[in-house]
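All remarks here apply to the structure that follows.
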């Protein structure tokens with residue numbers, strides 16, 4: 001049996017199509033015609049001998065074979081990109097000081113930083129996890145070089161990468177959110193906090209009584225309190241632990257239901273080392289939080 005060589009470009013098209021859920025949107029994203037994208041997917045289906053997508057309403061959804069192919073495609077592309085970056089990255093050296101909020105610290109960003117470190121072995125990475133406000137203060141003070149932050153799109157140095165929806169979050173094990181005759185218990189960050197501000201504004205606008213039942217300076221503390229049933233919180237679903245769930249009804253909608261994820265450089269020119277890290281962060285966010 002002859003070996004089948006999968007086309008790297010076609011694998012990228014598969015990943016993009018899955019992200020956007022249609023040939024048309026994928027084509028717009030990669031700058032090709034819809035027919036060219038569908039032809040690439042058809043070629044891949046012929047190579048593997050299985051249909052990879054099926055229609056579900058107006059969207060394309062992966063088949064079981066498509067899910068398996070997607071997992072391999074991502075691994076193949078990661079290895080390809082890492083090999084290319086490693087060869088290019090040998091010439092890049094220096095230090096980068098990068099800040100990120102706790103929302104991303106336990107999900108896909110550390111993996112991306114590890115991949116960047118392996119492909120740029122001469123670069124020293126100093127990563128800091130902190131609250132958005134504090135990270136931006138450190139950037140402005142020259143203590144950090146790049147910062148990924150949430151809700152900071154009004155800054156002049158903000159490069160908006162993706163919207164991040166806000167959701168009400170409660171304990172996964174709770175059958176009811178709160179007793180109807182009592183104020184809604186809330187678990188919140190210490191003030192000032194824009195999640196806190198938007199939650200209280202939405203509850204006040206809807207006439208829902210509330211009380212702050214738990215205050216924490218850290219996301220770990222917040223998640224633990226909500227999981228224990230001490231209150232509900234308003235946050236993003238990024239990196240949501242299995243002990244928590246999104247509350248889909250019973251609580252008021254948020255007037256501005258999403259916050260921008262932004263990358264900040266403090267308005268300073270980027271050295272090649274920082275430009276390389278910036279490209280990695282932008283690509284990682286695009287893969288995990290499609291606009």
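General remarks:
- Here the extension length gained between residue 212 and residue 190 equals 6.9 nm, from 0.36 nm per residue of separation less the Cα-Cα distance.
- Relative contact order for the stretch 50-150: 27 percent, from Cα pairs under 8 Å spaced at least 6 residues apart, divided by residue count.
- Principal axis dimensions, largest first and in whole angstrom, of the stretch 220-269 by Cα: 47, 26, 16
- Fully extending the segment from residue 282 to residue 258 would add 6.8 nm, taking 0.36 nm per residue of separation and subtracting the current Cα-Cα distance.
- Inter-label distance for residue 127 and residue 50, nm, one decimal - labels placed 7 Å from Cα along Cα-to-Cβ: 3.2
- Separation of the residue 237 and residue 68 label points, Cα + 7 Å toward Cβ, nm: 2.8
- Between 71, 258, 112, the Gaussian network model of the chain with springs among Cα atoms under 10 angstrom shows the greatest mean-square fluctuation at 71.
- Of the beta bridges in the chain, as assigned by DSSP with both residues counted there, near 60 percent are antiparallel.
- Approximating the spin labels as points 7 Å out from Cα along Cα→Cβ, the residue 108-to-residue 5 distance works out to 3.0 nm.
- Estimated from helices alone, the mean residue ellipticity of the chain at 222 nm is -13500 deg cm²/dmol (sum of -39500 (n - 2.57) over DSSP H runs with n ≥ 4, per residue).
- Here the relative contact order of the stretch 197-273, from alpha carbon pairs under 8 Å that lie six or more residues apart, stands at 33 percent.
- Equivalent-ellipsoid semi-axes of the stretch 179-273, from the Cα gyration tensor, Å, largest first: 29, 16, 13
- Sorted by Cβ density within 10 Å, fewest first, the residues 13, 236: 236, 13
- Whole-number percent relative contact order across the chain, with pairs defined as alpha carbons under 8 Å at least 6 apart: 20
- Kirkwood-type radius of the chain, with distances r between different C-alpha atoms, in Å: 21.5
Read-outs: derived from the displayed coordinates by stated rules, not from any lab. Fair warning: this is a prediction, and the values are worked out from it, not measured in the lab. For neighbour counting, all protein chains shown are included, and Cβ atoms are generated from backbone atoms with ideal geometry for every residue, glycine included.
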